[in-house]
Amino acid sequence: MLLMPERVGIMPFTRVESFDDDERPDGIALLLRPINVLGDPVNVVGRIRAELYTFVPASGLRAGSRLAVWEVTLNTEQDQRRYWSSTTQMYEFHLELNTDVVPSQPKYVLAVTYNTPLGTHLTDEYILETPIASEPFGGEPPGQG
């Protein structure tokens, strides 16, 4: 089982991003690195589920309401070539988001679950901070709508 992932990590370069030519964010660039028992990055086969939640400050449970969910399958060579970067040794997923329905806040919680073909689940959670210079998404701030 040395080559199987022991954990997954959402990398700190994960960010709110614009995927087209304008400045308005269209979603999240998720950078995910599966790690084996030796501490080395590895390719994986299976399903990745990413979920975006509102951030609840001063709480043991930081994730509030779920705002979005994405499923990505990594079963083929084409999937690996599309998402895996041999340079950075991690996966990059562009999670498109309907930004008009997401409340504007300075922080969100991004949760990832990797479901292996063997039925195990590896998870990680990341506090996603939005750029200070502009509104993160197009929706109304909480309590304003």
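The values are calculated or read from the model by the stated rules, or taken from the named source; none is laboratory data. It should be emphasised that the depicted structure is a prediction, and the values quoted were computed from it without experimental measurement. Note that we place each Cβ from the backbone using ideal geometry, even for glycine, and neighbour counts take in every protein chain shown.
V37: of a type in the set (A, V, I, L, M) and within 15 Å of L3 (Cβ to Cβ), yes or no?
Details: of a type in the set (A, V, I, L, M): yes; within 15 Å of L3 (Cβ to Cβ): yes.
Judged against the criteria, V37 is a match.
Against the condition under 19 Å from P131 (Cβ atoms), in a strand (DSSP E or B), under 11 Å from the mean Cα position of the chain (by Cα) and at pLDDT 95 or above, how does L110 come out, does it pass?
On the way: under 19 Å from P131 (Cβ atoms): yes; in a strand (DSSP E or B): yes; under 11 Å from the mean Cα position of the chain (by Cα): yes; at pLDDT 95 or above: yes.
So L110 passes the test.
Give segment 22-73 a look and list any residue that's in a loop (DSSP other than H, G, I, E, B) and either among the small types (G, A, S) or closer than 19 Å to E125 by Cβ (or both), or say none. Before you say what the answer is, go through the steps one by one.
First, the residues of segment 22-73 that are in a loop (DSSP other than H, G, I, E, B): 22-26, 37-40, 42-45, 56-62.
Across segment 22-73, the qualifying residues are G39, V44, V56, P57, A58, S59, G60, L61, R62.
When only residues in segment 8-21 that are farther than 18 Å from I127 by Cα and of a type outside the set (S, T, Y) count, which is surrounded by the most Cβ atoms within 10 Å (Cβ to Cβ)? Spell out how you get there, then give the answer.
Residues of segment 8-21 farther than 18 Å from I127 by Cα: 18-21.
Subset that is of a type outside the set (S, T, Y): 19-21.
Working: F19: 14, D20: 7, D21: 5.
By that ranking, first place goes to F19.
Tell me which residues, restricted to segment 65-84, are buried (at least 17 other Cβ atoms within 10 Å of the Cβ) and over 16 Å from the mean Cα position of the chain (by Cα).
none
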